[in-house]
Amino acid sequence: QVQLVESGGGLVQAGGSLRLSCAASGRTFSGRAMGWFRQVPGKEREFVAIITSTGSTAYYSDAVWGRYTISRDNAKNTVYLQMSSLKPEDTATYYCAARSMYGSFDQTNGYDDWGQGTQVTVSS
């Protein structure tokens, strides 16, 4: 099991940038792919990005491709989400999650450890 704590959220103007961090504790962090999801009230949690355990490969949703970058530092047990060219529709609570052995990488059923979330609000 991995315990996850997100930070770095806040209020930013459209076109601005933010970097989210997700600090992990637990021995299995470096061996697991890590993902970011986001959720707005009344909607399902939405896949944003995933990075492999070594950090060699990343994949993004169409909604954020070209604007967001996921990265990780296994020595620091941390995964990051650099968000640029932010839009009001990026407003959401952002969650990091550790990949499970089961389920789909772009669905919540593909992850079995979650952080508590950090709020990102983009003003127009």
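The values are calculated or read from the model by the stated rules, or taken from the named source; none is laboratory data. It should be emphasised that the depicted structure is a prediction, and the values quoted were computed from it without experimental measurement. All Cβ positions, glycine included, derive from the backbone under ideal geometry; neighbour counts span all protein chains shown. These area figures cover heavy atoms from the full protein model, side chains too; ligands, DNA and RNA do not enter into them. Shrake-Rupley method; radii C 1.70, N 1.55, O 1.52, S 1.80 Å.
Computed about its Cα centre, the charge dipole of the chain is approximately 260 debye, with only Lys, Arg, Asp and Glu carrying charge at their Cβ. Ignoring ligands, DNA and RNA, please state the percent of accessible area on segment 1-51 from carbon and sulfur, probe 1.4 Å. Carbon-and-sulfur percentage of accessible area, whole number: 48.
Got the relative contact order for segment 1-121 handy, in percent, Cα pairs under 8 Å and 6 or more residues apart? The normalised contact order for segment 1-121 reaches 34 percent. Working from label points 7 Å from Cα in the Cα-to-Cβ sense, the ALA58 to LEU11 distance is 2.8 nm. Hull volume per residue, based on the alpha-carbon atoms of segment 42-88 and their convex hull, is 101 Å³. For the chain, taking the reciprocal of the average inverse distance between every pair of different Cα atoms yields a Kirkwood hydrodynamic radius of 14.2 Å.
Rolling a 1.4 angstrom probe over the protein heavy atoms with all chains in place gives the chain an accessible area of 52 Å² per residue.
When nucleic acids and ligands are ignored and a 1.4 Å probe is applied, GLU89 ends up with an accessible area of around 120 Å².
Rounded, prolate or oblate: which fits segment 67-110, taking a ≥ b ≥ c as square roots of the Cα gyration tensor eigenvalues, rounded meaning a/c under 1.5, else prolate when a/b beats b/c? The shape class here is oblate.
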